[in-house]
Amino acid sequence: MSSRIEQLIDEIEDYIDGCKYQPLSKTNIIVNKEEIDELLRELRMKTPDEIKRYQKIITNKEAILNDARAKAEALIKDATVQTTELINEHEIMQQAYAQANEVVRMATTQAQEILNNATLEANGVRTSAMQYLDEMLANLESAMTATLATTTEHYESFYNTISGYNETVKANRAELRPIEVEQMLKEAEGESEPAELNLM
């Protein structure tokens, strides 16, 4: 079952895939800021909950080890009790001693196996949880990087377009300015004193 963060990442990817391209562009898209902000806001809110959930899984490692220790201690305690009971019986003391040593040896071996298995299992759970969390964050990073790249391209395109319009306006003004100067000179010829020209 996928987490809500994975679902949100899929929704963001689907939303970006469904956006229309800008006119005359095959790379820039038109994004509804409110919709993408809402998806990102929910993603930001869900991330701490998902991380807490995986931290809880990692914490279970200690519970597994504690349970294994308790079982091992119980086995050793039972073995010790059996050993004491066997030794207290004088007529079978030698046999009891041998059996007691065997019980203790077996109990110690079994306890060590339980601890080893519990440690392996706990480490496996922790590794899986960390790997899954890393993959989830990698997907989130990829989605954010793509969104930032798209936004940057959009504003660079907008800036270049406005700059082009500005250069066109400057050129048009420059073409008009010689005509204005010529007209002002003709008007000044009819006056007794030349008028000061304002070229600004």
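Here are a few things to note about the model shown:
- Which numbered condition Pro23 fails, given (1) more than 30 Å from Gln112 (Cβ to Cβ); (2) touching a residue at least 12 places away in the same chain (Cβ under 8 Å): (2)
- Neighbours by Cβ (under 7 Å, 6+ apart or cross-chain): first from the range 43-58, farther than 20 Å from Asn123 by Cα; second at pLDDT 75 or above and surrounded by 11 or more Cβ atoms within 10 Å (Cβ to Cβ): Leu43/Ile5; Leu43/Leu8; Lys46/Arg4; Lys46/Ile5; Lys46/Leu8; Thr47/Ile5
- Looking only at the range 44-96, and only at residues there that are touching a Lys or Arg at 6+ places or on another chain (Cβ under 8 Å) and among the basic types (Lys, Arg), the one that is nearest to Ser128 (Cα to Cα): Lys61
- Of all residues in the range 130-168, those being closer than 17 Å to Ile51 by Cβ and in contact with a strand residue (DSSP E or B) (Cβ under 8 Å, 6 or more places away or on another chain) number 0.
- Within the range 101-121, at least one residue is hydrophobic (A, V, I, L, M, F, W, C) and touching a Ser or Thr at 6+ places or on another chain (Cβ under 7 Å).
- Residue match in the range 3-13 (condition: hydroxyl-bearing (Ser, Thr, Tyr) and part of a helix (DSSP H, G or I)): no
- For the range 21-42, a tally of residues being under 30 Å from Val125 (Cβ atoms) and touching a Cys at 6+ places or on another chain (Cβ under 6 Å) returns 0.
- Comparison of Lys52, Lys61 shows that the only residue that is at pLDDT below 85, part of a helix (DSSP H, G or I) and surrounded by 15 or more Cβ atoms within 10 Å (Cβ to Cβ) is Lys61.
- Hey, Gln22 polar (S, T, N, Q) and closer than 24 Å to Leu133 by Cβ or not: no
- For the range 9-35, a residue qualifies if it is among the β-branched types (Val, Ile, Thr) and closer than 25 Å to Thr161 by Cα, and the qualifying residues are Ile16, Thr27, Ile29, Ile30, Val31.
- Selection count, the range 27-39, where residues are in a helix (DSSP H, G or I) and touching a residue at least 40 places away in the same chain (Cβ under 8 Å): 1
- Glu141 vs. criteria closer than 30 Å to Leu8 by Cβ and either in a helix (DSSP H, G or I) or at pLDDT below 75 (or both): yes
- Candidate set: the range 30-49, residues that are surrounded by 15 or more Cβ atoms within 10 Å (Cβ to Cβ) and at pLDDT below 85; chosen: the one nearest to Glu156 (Cα to Cα): Val31
- Some residue of the range 70-87 being polar (S, T, N, Q), touching a residue at least 24 places away in the same chain (Cβ under 8 Å) and surrounded by 11 or more Cβ atoms within 10 Å (Cβ to Cβ): yes
- Against the numbered list (1) outside any helix (DSSP H, G or I); (2) farther than 30 Å from Glu156 by Cβ, Leu24 comes up short only at (2).
The values are calculated or read from the model by the stated rules, or taken from the named source; none is laboratory data. These numbers were taken from a predicted model, which means no experiment stands behind them. We place every Cβ from the backbone using ideal geometry, glycine too, and count neighbours over all the protein chains shown.
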